[in-house]
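Please find one structure pasted underneath; my questions will follow.
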Amino acid sequence: MAVVEILGGDGIENALKELHVKYKKTYSKKLNPKKRYDPHYEVYEISKEDMKTYLDLFLNEYESVNTRRSYNATINVMLDTIGKDVNDICKIDLVEYKNTLKNLGASTQAQKIVCIKSYFKFLFDNDVIDSNPAEKISAPRVEHKPKEALSTDEAIMLMSYGNKRERAII
């Protein structure tokens, strides 16, 4: 996160612009989307240092230190597990990674998938990647257990504790 701390507020936009210019992709007017290879389309491999900068810029969008720490760990584990450059990651890679999370609880899986989706959306919105492979990845539904209501006896017992002010708050 050293890059973020050094850059400050306006520096973040400038850093994104510099990285975007460095890795700007050039398109031909005759680009055929059905072709997998087009000599008029240059794909740059993004260095690990620059990917770290993008990750720092992404994490800077969140104020909570705990969120930053969690998202940083989640993204780094995902990238290490998949083992590909972000330009080469496709939906199938993310589905396979999602399947490795099956041993975790539904809410943990959902949190990790939301994090990954946010990261790829950030990269896509800043023209780092051409398409968002995480766009249609779904997170598991988290079932919220209904709260158990107090019985009549428990409510009466609760109201008997404390002074008038505390009972009024309850």
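The values are calculated or read from the model by the stated rules, or taken from the named source; none is laboratory data. Being a predicted model, the structure only gives us computed values, none of them experimental. For neighbour counting, all protein chains shown are included, and Cβ atoms are generated from backbone atoms with ideal geometry for every residue, glycine included. When the accessible area is computed, the model is the full protein with side chains, heavy atoms only, and any ligands, DNA or RNA have been set aside. Shrake-Rupley method; radii C 1.70, N 1.55, O 1.52, S 1.80 Å.
Using the per-residue mean of other Cβ atoms lying within 10 Å as a proxy for protection, in what order, highest first, do the peptides 49-58, 145-154, 86-95 fall?
The packing order, highest mean first, is 49-58, 86-95, 145-154.
Over the stretch 76-125, with the other protein chains present, what is the accessible area per residue in square angstrom, probe 1.4 angstrom?
52
Tell me, in nm to one decimal, what length is gained between Asp130 and Asp88 on full extension, where the rule is 0.36 nm per residue of separation less the Cα-Cα distance?
Result: 14.1 nm gained on full extension.
Additional query: Could you list, in their original order, any pairs among Lys52/Lys91; Lys48/Lys98; Lys121/Lys147; Lys91/Lys147 whose Cα atoms are separated by more than 30 Å?
Over 30 Å apart, Cα to Cα: Lys121/Lys147; Lys91/Lys147.
Within the set of other residues whose C-beta is less than 15 Å from the C-beta of Met159, count the net charge using Lys and Arg as +1 and Asp and Glu as -1.
0
In the stretch 93-120, which residues have a backbone nitrogen under 16 Å from the label point lying 7 Å from Tyr62's Cα in the Cα-to-Cβ direction?
107-120
List the chymotrypsin sites (Phe, Trp or Tyr not before Pro) in the stretch 106-170 that DSSP assigns to loop (not H, G, I, E or B) and whose Cβ has at most 11 other Cβ atoms within 10 Å. Which are they?
Tyr161
Got a sec? What order do Lys48, Lys84, Lys117 fall in by accessible area at 1.4 Å, biggest, i.e. largest, first?
Lys48, Lys84, Lys117
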